[in-house]
Amino acid sequence: VQLVESGGGLVQVGGSLRLACTASERTFNERIMAWFRQPPGSERAFVSGIEWEGGESWYADVVKGRFAISKDNAKNTVYLQMNNLKPEDTAIYYCATGWSVASIDTWGQGTQVTVSA
């Protein structure tokens, strides 16, 4: 499976961006898709995840109420709608897939999101 992210860029504080991640194929419905991010000088951290089939989703506390994850099964694509962006949201955002958030086995190349004050 290959994951390709798109939609990153430069946005002002309070603005919005939508990231997209398209998978080259879907192997098992039981797998999940997730977004992680890595700010400059920091570790990679979980942002949000969603089940391919059931649609249950999860969020890190720092993005709850501002970010929304969704999917289009027909397009093998997962989206991350990011609203009310803050400077601390600046990071490289990675799409990932695996059997759970704790067992990610495939990563995308990452897309840069920069929020300017």
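The values are calculated or read from the model by the stated rules, or taken from the named source; none is laboratory data. No experiment lies behind these values; they were computed from the predicted model shown. Don't worry about glycine lacking a Cβ; one is built from the backbone with ideal geometry, like all the others, and counts go over all protein chains shown.
In region 55-64 there is no residue matching the filter, namely being small (Gly, Ala, Ser) and without any contact (Cβ under 8 Å) to a residue 12 or more places away in the chain.
Is there a residue being at pLDDT 95 or above and of a type in the set (Asp, Glu) anywhere in region 34-46? The answer is yes; a qualifying residue exists. Kindly indicate whether any position in region 1-24 is touching a Pro at 6+ places or on another chain (Cβ under 9 Å) and of a type outside the set (Val, Ile, Thr). Checked against the condition, which is being touching a Pro at 6+ places or on another chain (Cβ under 9 Å) and of a type outside the set (Val, Ile, Thr), region 1-24 yields no hits at all.
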